[in-house]
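Note sheet for the following structure.
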């Protein structure tokens, strides 16, 4: 560095960066998924409602095609908007349309059959340079196998991708749990309700968590409270 000569950095562009986007998940996970059915859930989405389990089970029971979820919103022009036929099949998906065909917004849960990886391999990057999950869903729409499940009243869909959205979701959970005494999104409780663990195992998990309100709620559940 003391010889007075300038230093440079050589950059090779032999390998161009691969396009990103939600559908890239089916490139990254191709070996793991193979030709098996799969469910993709966006990590910044929050779902709540007594009918949630039923809707997910309905989507999971379909052997062929894909299922995406819809939530009624007051400002559909801000979302991906879905239109349905009489059999609850999706007939159109429009991203932030100026004149929405419905008030049903596309949510962040996607069930795809075993063709998803192959469809994803043939996707082209969009105008913004991403592999769009909407384009993957449209592959199923073309052969009339894209179904829709609609969340009804009493359900909640919140986006936690911003600090404000995360705070709103936290306040929502706090309000429900404080007023009802019921837990939201507890994996230990779900395992117990499904019969995957027994009451003794649930108490053991609660004891491992320690002395706090969450652990005490699990102890009450294990005792049948």
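The values are calculated or read from the model by the stated rules, or taken from the named source; none is laboratory data. Note that this is a predicted model, so its numbers are computed, not measured. Cβ sites come from the backbone with ideal geometry, for glycine too, and all protein chains shown count toward neighbours.
Just a few scattered comments:
- The residues of region 185-201 that are surrounded by 15 or more Cβ atoms within 10 Å (Cβ to Cβ) and under 20 Å from the mean Cα position of the chain (by Cα) amount to a single one, 186.
- Test: residue in region 165-182 that is assigned to a helix (DSSP H, G or I), surrounded by 15 or more Cβ atoms within 10 Å (Cβ to Cβ), in contact with a helix residue (DSSP H, G or I) (Cβ under 9 Å, 6 or more places away or on another chain) and in the same structural domain as residue 74 (by TED's automatic domain parsing): no
- The set of residues from region 106-149 being under 15 Å from residue 92 (Cβ atoms) and in a strand (DSSP E or B) comprises 106, 146, 147, 148.
- Any hit, region 22-31, residues being part of a strand (DSSP E or B) and either farther than 20 Å from residue 143 by Cα or at pLDDT 90 or above (or both): no
- Residues (touching a helix residue (DSSP H, G or I) at 6+ places or on another chain (Cβ under 8 Å) and either touching a residue at least 24 places away in the same chain (Cβ under 8 Å) or part of a loop (DSSP other than H, G, I, E, B) (or both)) located in region 197-216: 197, 198, 199
- Flag if residue 191 is closer than 21 Å to residue 46 by Cβ and assigned to a helix (DSSP H, G or I): yes
- One residue from 191, 163, 206 being modelled with pLDDT of 95 or more and closer than 30 Å to residue 79 by Cα: 163
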